[in-house]
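Report on one structure; see the data block that follows.
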Amino acid sequence: MKTPHLITVAELQSQLAQQPEKVLICDCRYDLVDPELGKRAYESGHIPGAIYLNLGKVLSGKSNGTNGRHPLPEPEQLANDLAALGVNADTLIVAYDSAGASYAARLWWCARWVGHQHVVVLDGAIEAWTQAGLPLLSETTPAKPPGNFKRSTSLTKTVQYADVLAGLGRSDRLIIDGRPSDRFEGLNETLDPKAGHIPGSLSRFSKNNLDSNSHFKSPEILKAEFTSLMGQHTPEQLVASCGSGVAACHLLLAMELAGLQGAALYGGSWSEWCAQPGAPVETGKASI
């Protein structure tokens with residue numbers, strides 16, 4: 001499936017054969033419980049030419065206990081960090097991970113947030129690369145010279161806690177939650193101090209965007225599934241949320257693939273919401 005937001009293994013090989021100097025491959029593997037697991041996995045074997053990009057250090061700002069587990073970084077700092085990694089205005093950033101693209105989708109969203117258009121996710125993750133019989137390397141990739149990328153007009157939308165709170169109960173607002181259904185319902189919560197979901201939100205586990213081979217479903221299937229969930233709402237009325245603003249990016253990527261543009265990210269997500277004094281909480285299944 002060829003889209004502006006995904007790249008296949010064969011397409012990546014072609015890009016590397018034609019213009020390797022214009023490609024930056026980013027290994028985004030991470031684990032919410034063991035933050036160093038991704039770096040260890042990278043050191044054990046990664047796609048040749050890939051650098052390691054840490055969710056907690058580059059794609060997140062500092063958590064102060066009330067702004068979520070992975071608050072969005074300062075946009076100017078993120079733009080500078082990307083340039084320091086070698087990103088130019090015309091660099092193709094290729095993001096991959098091994099968790100069904102959740103962490104890669106965070107890089108996809110964040111790069112577009114600071115105005116970088118040329119960013120794609122490797123469909124099928126690192127497993128697609130190895131299943132194609134291609135090698136992994138354990139040697140650390142040499143750093144690229146700093147690039148010239150500068151922050152420009154954002155290609156994404158965000159909402160803050162106050163806006164989400166003010167939108168509760170409004171007919172022109174719909175929140176979709178990308179966490180597993182049990183955490184949405186208030187069960188088996190192990191990452192955040194409170195269990196449940198933002199009142200009125202609907203559940204859409206981010207991994208439901210993938211097929212049985214961990215590739216994204218076709219645009220037609222994704223459009224049908226999201227349209228059914230949205231009901232009478234337009235994409236512009238949607239807010240994507242999750243635990244800490246990571247899986248929500250996966251929802252937004254899937255919507256883009258489906259041709260449903262305009263939804264916003266609630267970066268703080270549940271981990272910020274449940275830390276606010278007096279923030280209302282719901283548990284149980286969503287009724288739609």
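The values are calculated or read from the model by the stated rules, or taken from the named source; none is laboratory data. Predicted, not measured: the structure shown is a model, and the values here were computed from it. Reconstructed Cβ throughout: ideal geometry from the backbone, glycine too, with neighbour counts over all protein chains shown. These area figures cover heavy atoms from the full protein model, side chains too; ligands, DNA and RNA do not enter into them. Shrake-Rupley method; radii C 1.70, N 1.55, O 1.52, S 1.80 Å.
If you place +1 on the Cβ of every Lys and Arg and -1 on the Cβ of every Asp and Glu, how big does the dipole about the Cα centre of the stretch 152-272 come out, in debye to the nearest 20? Each step should come with its number before you reach the end.
Values: 10 positive and 13 negative charges, 10 e Å.
Roughly 60 debye for the stretch 152-272.
Answer with a single label: of (i) 52, 40, 36; (ii) 48, 47, 40; (iii) 55, 41, 40, which was calculated as Cα extents along the principal axes in Å from the structure in view?
Step by step, Cα extents along the principal axes in Å for this structure corresponds to label (i).
In the stretch 156-260, which trypsin sites (Lys or Arg not before Pro) are in a loop and have at most 13 other Cβ atoms within 10 Å, using DSSP for the loop call? Write down the numbers at each step before the final one.
Working: sites: Lys157, Arg170, Arg173, Arg183, Lys194, Arg204, Lys207, Lys217, Lys223; in loops: Lys157, Arg170, Arg173, Lys194, Arg204, Lys217.
Here the trypsin sites (Lys or Arg not before Pro) that fit, given the DSSP loop and packing criteria, are Arg170.
Where only protein heavy atoms count, and the probe is 1.4 Å, what is the accessible area per residue for the stretch 93-227 in Å²?
Numbers: 6160 Å² over 135 residues.
That works out to 46 Å² per residue.
So how much accessible area does Trp273 have, in Å² to the nearest 10, using a 1.4 Å probe?
Per-residue accessible area (Trp273): approximately 0 Å².
With the contact rule set at Cα under 8 Å and sequence spacing of 6 or more, what percent relative contact order holds for the stretch 164-288? Don't jump to the answer; show the numbers that get you there.
Details: 217 pairs, mean separation 42.1, N = 125.
Relative contact order of the stretch 164-288: 34 percent.
Evaluate the charge dipole of the stretch 1-82 about its Cα centre and quote only its size in Debye, nearest 20, assuming +1 on the Cβ of each Lys and Arg and -1 on the Cβ of each Asp and Glu. Please report the intermediate quantities before stating the final value.
Numbers: 8 positive and 10 negative charges, 25 e Å.
It works out to roughly 120 debye.
Just want to confirm a number: the relative contact order over the stretch 45-171, from Cα pairs under 8 angstrom separated by 6+ residues, in percent. Please list the in-between numbers first.
Values: 169 pairs, mean separation 41.9, N = 127.
Computed over the stretch 45-171, the figure is 33 percent.
Using a probe of 1.4 angstrom, how much of the accessible area of the chain is carbon and sulfur, in percent?
C and S fraction of accessible area: 52 percent.
List the trypsin sites (Lys or Arg not before Pro) in the stretch 29-118 that DSSP assigns to loop (not H, G, I, E or B) and whose Cβ has at most 16 other Cβ atoms within 10 Å. Which are they? Display every interim value, and only then the final one.
Values: sites: Arg29, Lys39, Arg40, Lys57, Lys62, Arg69, Arg106, Arg112; in loops: Arg29, Lys57, Lys62, Arg69.
Listed in order of number, the matching sites are Lys57, Lys62.
Would you mind working out the accessible area per residue for the stretch 230-288, using a 1.4 Å probe, and quoting it in Å²?
Values: 1970 Å² over 59 residues.
It amounts to 33 Å² per residue over the stretch 230-288.
Taking the alpha-carbon centroid of each part, what is the distance from the stretch 141-193 to the stretch 263-288 in angstrom?
11 Å
Could you size up the charge dipole of the chain around its Cα centre, putting +1 on the beta carbon of Lys and Arg and -1 on that of Asp and Glu, and report it in debye to the nearest 20? Display every interim value, and only then the final one.
Values: 24 positive and 29 negative charges, 71 e Å.
My answer is approximately 340 debye.
Per residue of the stretch 140-157, what does 6.51 cos²θ - 1.76 cosθ + 1.60 with θ = phi - 60° give for ³J(HN,Hα)? Whole Hz please, x for Gly and Pro, Karplus curve as stated.
Calculated HN-Hα couplings, in order: 5, 6, x, 5, 7, x, x, x, 9, 4, 10, 4, 9, 4, 5, 9, 9, 10 Hz.
Using modelled backbone amide H atoms (1.01 Å from N, in-plane), which distant-in-sequence or interchain residues come within less than 5 Å of Ser203's amide H?
Asp177, Ala286
If you average the C-alpha positions of the stretch 92-126 and of the stretch 3-74 separately, how far apart do those two centres end up, in angstrom?
When both Cα centres are located, 7 Å separates them.
Which percent, to the nearest 5, of DSSP beta bridges fully inside the stretch 176-288 are antiparallel? Present the calculation step by step, with values, prior to reporting the outcome.
Values: 2 of 8 bridges.
Rounded to the nearest five, the antiparallel share is 25 percent.
Divide by every residue of the chain the summed helix terms, -39500 (n - 2.57) for each DSSP H run of at least 4, and state the resulting mean residue ellipticity at 222 nm, rounded to the nearest 500 deg cm²/dmol.
Numbers: 10 runs with 86 residues, N = 288.
Calculated from helices alone, the mean residue ellipticity at 222 nm is -8500 deg cm²/dmol.
Counting DSSP beta bridges with both partners in the chain, what percentage is antiparallel, nearest 5?
Numbers: 3 of 25 bridges.
Expressed as a percentage, antiparallel bridges in the chain total about 10.
Along the stretch 162-168, what does the Karplus equation 6.51 cos²θ - 1.76 cosθ + 1.60 (θ = phi - 60°) give for ³J(HN,Hα), rounded to whole Hz, x for Gly and Pro?
4, 5, 5, 4, 5, x, 4
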